[in-house]
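Report on one structure; see the data block that follows.
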Amino acid sequence: TDEHAEAHRLAAATNPAREALTAAEREHAGRLAQRQEAGERIAARTAAREALDADRARLAEQIAAARGESASVAAHAERLTRRVALLADAAEAVRAEQDAALRRKEADDRLSDAAFRAGFDTPQAAAATLLDAAAQRDLQHRIDAWQAEAAAVADRRAEQDAREAAELPPARPAEASSTHDTAEWLLREAASAHATARERCAELDRLSRRVVEEVRRLGPVREEYERVARLAGLTAGTSADNERKMRLESYVLAARLEQVAAAATARLQRMSAGRYTLVHSDARTGGRRAGLGLHVVDAWTGSERDTATLSGGETFFASLALALGLADVVTEEAGGVRLDTLFIDEGFGSLDDQTLDEVLDVLDSLRERDRSVGIVSHVADLRRRIPARLEVVKERHGSTVHHRL
């Protein structure tokens, strides 16, 4: 009788244990989900705002995948929770029924052994001699209740979900408890990471608003900068609007070069017997910038060509004409200040006799205007044309200078 009572008591005590196990499994499943989410958040906590946005999109996809056919993730989780609870109940019922059957068998065996040792053929015979009617009725009621409970357990075990639950491995409370503790720690870490991420998002939002305000405030400055940059590019010759790629200083010098070319032409035509005229050119040559080019107009051919096509002698008197023209322009621009002395170093050896005479006639005309012209040359023919000269003579002990009149 005591053993039957103990068996019934143990069977009744399985309900709280089953509920506790169900709660532990449900909490374990929740902790596992929280652990996965915490891992995702920890992995993304050091990323920039773009990474956070990408994580947010990925989490949305994961939520949609986890939701499945349910209206929401919560609904899907609730459905899974109900299934887990049913399976846990079934497994617990199976285990309770098995334990109760085992305990009943053991109790029956012990009862039969005790009855046999006591001289009774069966336990019922022993019980009949020991129990009064009231006790027997009470025991019968208990047996009936146990049988009803066993039938209910058998019916529950016959259900599909109960059979599936019976096939599952047995629960491991210790492991579940450890997993629960780990999940709680991960949850705290994830919550801390989430709080940090939210603070960073707030800071990024504040900085974004500040950047927008700064960009708006710098709008007029940018417009002024673009205007100045366009003007600077135009004056530097790097702007697409400057078709000739001419710098501002080149433009100013080009205007002055036109004056020098005009003044030099008067000299050059006399030196070249009216053949050459110097003109300013602002055309680009090769990869060089435009603005400071000089061409000669050949009256014999009627063509305009580059000064690089002149011969050595022609180049000399063209250069001499430019030097004299520059002196004339400088004199005009200097408020009447004269350049009274002019030195010409070499270049006469490349001239033929006719050209040499024409060049010297031009230089003589300068002397007639009270200018001094000094010529440095090794050409012997110049000695008869220039009476006043300084001759440098090489000697054994050094060079000497002789003044000839």
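Every number here is computed from the coordinates shown, using simple stated rules; none is lab data. Nothing here was measured: the structure is a model prediction, and the numbers come from that model. Because the Cβ atoms are built from the backbone with ideal geometry, glycine has one as well, and the counts that use them run over all protein chains shown.
Odds and ends about this structure:
- Taking label points 7 Å from Cα along the Cα-to-Cβ direction, Arg200 and Arg163 give a separation of 5.4 nm.
- Calculated FRET efficiency for the pair Arg117/Ser177, C-beta based, R₀ 35 Å, to 0.05: 0.20
- Which of Ile386, Ile143, Ile375 has the fewest Cβ neighbours within 10 Å, and the rest in rising order: Ile143, Ile386, Ile375
- The ranking of Trp185, Trp146 by Cβ neighbour count inside 10 Å, starting from the fewest, reads Trp185, Trp146.
- Put in line by how crowded their Cβ is, counting other Cβ atoms within 10 Å and starting with the fewest, Asp328, Asp99 read Asp99, Asp328.
- Electrostatic bookkeeping for Ser303 treats Lys and Arg as +1 and Asp and Glu as -1; over the other residues with beta carbon under 15 Å from its beta carbon, the sum is -2.
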